1. Quick query: amide H of residue 36 versus all other amide H atoms, modeled in the peptide plane; which residues come in under 5 Å with a sequence gap of 5 or more or a different chain?
2. Sort 223-229, 97-103 by the packing proxy (mean of other Cβ within 10 Å over each peptide's residues), most packed first.
3. Which cross-chain or sequence-distant (5 or more) residues have an amide H under 5 Å from the amide H of residue 92, H modelled 1.01 Å from N in plane?
4. Calculate one ³J(HN,Hα) per residue across the range 48-55 by plugging θ = phi - 60° into the Karplus curve 6.51 cos²θ - 1.76 cosθ + 1.60, and present them in order as whole Hz with x for glycine and proline.
5. Might you report the magnitude of the Cβ-based charge dipole of the range 219-274 about its Cα centre, with Lys and Arg at +1 and Asp and Glu at -1, to the nearest 20 debye?
6. Going by accessible area, probe 1.4 Å, with all protein chains left in place, what is the ranking of 138, 207, largest first?
7. Report, by chain and number, residues whose modeled amide H sits under 5 Å from the one on residue 162, excluding near sequence neighbours (fewer than 5 apart, same chain).
8. Just to check I understand the Karplus step: with θ = phi - 60° and J = 6.51 cos²θ - 1.76 cosθ + 1.60, what whole-Hz values come out for the range 193-199, glycine and proline as x?
Amino acid sequence: RPGAHALQVTTVSAQKLTSGLLRLMNSQASTVYFLTGHGEYSPDETGEQGFSSVKRLLESKNYAVSTLSLLTQTAVPEDASTLVIAGPQAPLTQAEVDLLSAFQAAGGGLVVLYEPQVDPASTQGADDPLAAYLTTTWGVSLGADVVVDPTSNQPFAPYAASYGEHAITQQMNRMTAQFPTARSLTLSEVASGAGQTPLVLTANQAWAETNLAGLTTGSGEVQFDEGADNPGPVTLAAAAENFDSQARLVIFGDADFPSDANFLVYGNGDLFVNSVDWS
């Protein structure tokens, strides 16, 4: 058609053809920002804490991928469709969380990945404005625990034994995911009218171990303690949506699972990118 813009696919490889089709379906580029300033995993780095594989796949779907520091900004950029917070090693400030809250009040999407707190000296303690925001606004609380899965060949790397019914997980095509060290999530109702869905659940035999001191010192055998530990199935990821503002949240109790080292493990990469697509 005269004046129309066409995407030229110059190779017949399946991967390139799929990429071309995805770009046609998502012709208007959206920007996914990765938060920086707190030791987060980076889309511009490779290796165990690099998300370069995530970045390549998102860009193949016509997303623009960039980084963002809210320590030096007065608002989340207007072109942001989704903001990813991947494994912060220090807490966000209340001012940053206020900017996130304003972004979501306008319908913004947030994907949060938290690592377990095993190190007693960690600065990511109870005074965590982001964790408080997730609990009060979205009804999602982070467990002070580490998930143990005796059905896994690596007990501290639980598998997705089942998925909740959601647009994110319906595309997993019966493919599991694995989470190299994870913490539990607990969902509760909130007055804001947000609806929540557990996305990833462990096997029934798994549990959320609360004796973190025993894990760090290596004292004693790790076993389920009735009344102290939380029994399985344990929720490892959840999605939530505010039906008034249209804001969306996806949260994982693990930050390594879509890193370069784990991106191709089972459906790990797909699960993360599906989450960005939905948010």
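1. Excluding prolines and chain starts, which carry no amide H, the hits are 68, 69, 70.
2. Taking the mean over residues of other Cβ atoms within 10 Å, the ranking is 97-103, 223-229.
3. Under 5 Å from the amide H of residue 92 lie the amide H atoms of 130, each far enough along the sequence or on another chain.
4. 5, 10, x, 10, 5, 5, 4, 4
5. 260 debye
6. The residues order as 207, 138, largest area first.
7. The answer is 201.
8. x, 7, x, 10, 9, x, 8
The values are calculated or read from the model by the stated rules, or taken from the named source; none is laboratory data. Here the structure is a predicted model, which means the values were calculated and not measured. For neighbour counting, all protein chains shown are included, and Cβ atoms are generated from backbone atoms with ideal geometry for every residue, glycine included. Surface accessibility is based on the protein's heavy atoms, side chains included, excluding ligands, DNA and RNA. Shrake-Rupley method; radii C 1.70, N 1.55, O 1.52, S 1.80 Å.
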